[in-house]
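Worksheet: one structure, shown below.
The values are calculated or read from the model by the stated rules, or taken from the named source; none is laboratory data. Bear in mind that the values here come from a model prediction, so they are computed numbers and not experimental data. Please note: Cβ atoms are built from the backbone with ideal geometry, for glycine as well, and neighbour counts cover all protein chains shown. The protein model used for the area step is the full one, side chains on, heavy atoms only, and it has no ligands, DNA or RNA in it. Shrake-Rupley method; radii C 1.70, N 1.55, O 1.52, S 1.80 Å.
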Amino acid sequence: AQKVTQAQTEISVVEKEDVTLDCVYETRDTTYYLFWYKQPPSGELVFLIRRNSFDEQNEISGRYSWNFQKSTSSFNFTITASQVVDSAVYFCALRSLYNQGGKLIFGQGTELSVKP
Amino acid sequence: NAGVTQTPKFQVLKTGQSMTLQCAQDMNHEYMSWYRQDPGMGLRLIHYSVGAGITDQGEVPNGYNVSRSTTEDFPLRLLSAAPSQTSVYFCASALGTDYEQYFGPGTRLTVT
């Protein structure tokens, strides 16, 4: 069975703090893809990153960075120097090679609130 | 590039009515899908299509139909609306099943 767990339901930080959103996944497949999406208060889902299971290199994009560790089945997301515009619900998702029809399995989401 | 577009943004239906949620993409993506988002249930796949003329069921297909006559369009039809179909519906598209999916802005549907 495949599963994505985002244990942090809500996180509140003050602007300029660093924050890490945790994502733990379960799959028996050796080939899979992991994703992060952002859902701001306006409601749309914005793609942030895709990582395949054979690429454990960490990724940095501006203030965003991602740490993929197969040994702990985790794909954590860090925002450095958070800003109010980072306030959103963040979803981690898994696509296993054998998942039906490209289905993304989403975690329950972490609601991040960045206060000025 | 408009990306993925959905209409309408909001809709209120009475139980038993039917309607079609429209979805279109201009990225020449082969893969398209419909999800519904409900509090506490996350996002769940309704139907998907890997190319024009090909559709298949996701995990919650009951009460919904789809067709894919062109690469660009993937409408979702509610046959006889029920209160349990009150949800936010997202359409998405991707180059293929293993690629990132780009989501439309969503349709908020209320069935009374």
Query raised in the report: Can you run phi through the Karplus equation (6.51, -1.76, 1.60; θ = phi - 60°) for the range A:5-11 and list ³J(HN,Hα) in whole Hz, with x for Gly and Pro?
Result: 10, 10, 5, 7, 6, 9, 10
**Report entry** Largest-first ordering by accessible area, 1.4 Å probe, given options B:10, A:91
**Finding:** B:10, A:91
Report summary line: Inverse of <1/r> over all distinct C-alpha pairs of the range A:1-50, i.e. the Kirkwood Rh in Å, gives 13.3 Å
Query raised in the report: Between residue B:56 and residue A:42, what is the spin-label point distance in nm, taking each point 7 Å from the Cα along the Cα→C-beta axis?
Result: 3.4 nm
Report summary line: Here D for the range A:1-104, in µm²/s, from Stokes-Einstein with a Kirkwood Rh over Cα pairs at 10 °C and 1.306 mPa s, works out to 111 µm²/s
Query - Cα→Cβ-extended label distance, 7 Å offset, between residue B:14 and residue A:22, nm - result: 5.1 nm
Query raised in the report: What is the pair-distance distribution P(r) of the protein assembly as shown, computed from all Cα-Cα distances in 10 Å bins starting at 0, with each bin given as a whole percent?
Result: 8, 33, 34, 20, 5, 0
Query raised in the report: For the range B:93-110, in order, what is each residue's ³J(HN,Hα) by Karplus, 6.51 cos²θ - 1.76 cosθ + 1.60 with θ = phi - 60°, in whole Hz (x at glycine and Pro)?
Result: 9, 8, 4, x, 5, 9, 9, 4, 9, 9, 9, x, x, x, 10, 8, 10, 10
Query - D_trans [Stokes-Einstein, Kirkwood Rh over alpha-carbon pairs] for chain B, 4 °C, 1.567 mPa s, µm² s⁻¹ - result: 94 µm²/s
Requested in this report: May I ask you to evaluate 6.51 cos²θ - 1.76 cosθ + 1.60, the Karplus curve with θ = phi - 60°, for each residue of the range B:8-17 and list the ³J(HN,Hα) values in order in whole Hz, giving x for glycine and proline?
Outcome: x, 7, 9, 7, 10, 10, 8, 3, x, 6
